[in-house]
Amino acid sequence: MSSPTPPPLTVEPRRRTSALKMIFWLLLVPIVLIVGYFAIVLKWNYSSGERAGWVQKLSLKGWLCKTWEGEMAMVSMPGAIPEKFLFTVRDEAVAESINKVMGKRVTLHYEEKVGLPTTCFGDTRHFVNRVGQVGEIPLGPGVVVPVPPPAPAPVTAPAPTPPVSTPLKSQ
């Protein structure tokens, strides 16, 4: 008796789906992970707060990615050495309002971002998003010098109009 012969083994050709899966895993997944990381880091704040002082410098910096970089001097007591607060501004309107109050005592509201991998987002971790002008200067605990409000612009009276001459009627 003869034994039955087994059917020949056939090797199926590789499917196209394996190449697509490899492209998916090697390209698409890392891109999605990187985009997700940036979205989380840009949305999340490590800290936020306000600092008060005098803005000394604000300049537009960067080779490729231009950001506003600034420096504010913070003085805790008169005669003390000022501490520098370095910050970044991404919004043009905020940078313009900081330029308007340059040299005056201001408060800057900032958000601290941690984990940004490049300086394309800014040179510092502190991103200013709001500015306000301070109305008083503290000299010490409980001693405050109020800053007078700016003088109103002089109101100019309208120029007098010359009298209208009417011709005399002859009789």
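The values are calculated or read from the model by the stated rules, or taken from the named source; none is laboratory data. All figures in this text were calculated on a predicted structure; none of them were measured in a lab. Reconstructed Cβ throughout: ideal geometry from the backbone, glycine too, with neighbour counts over all protein chains shown.
What to note about this one:
- On the stretch given as the range 83-101, residues that are among the polar types (S, T, N, Q) and either out of contact with any Phe, Trp or Tyr (no Cβ under 7 Å at 6 or more places or on another chain) or modelled with pLDDT of 95 or more (or both) total 2.
- Pairing each residue of the range 57-84 that is over 15 Å from Val128 (Cα atoms) with any residue that is of a type in the set (A, V, I, L, M) and not in a strand (DSSP E or B), provided the two are 6+ apart or on different chains, yields C-beta distances under 6 Å for Pro82/Val75.
- Pairing each residue of the range 98-111 that is more than 13 Å from Gly70 (Cα to Cα) with any residue that is surrounded by fewer than 16 Cβ atoms within 10 Å (Cβ to Cβ) and aromatic (Phe, Trp, Tyr), provided the two are 6+ apart or on different chains, yields C-beta distances under 9 Å for Glu111/Tyr46.
- For the range 24-61, filtering for residues that are within 18 Å of the chain's Cα centre (by Cα) and modelled with pLDDT of 85 or more leaves 14.
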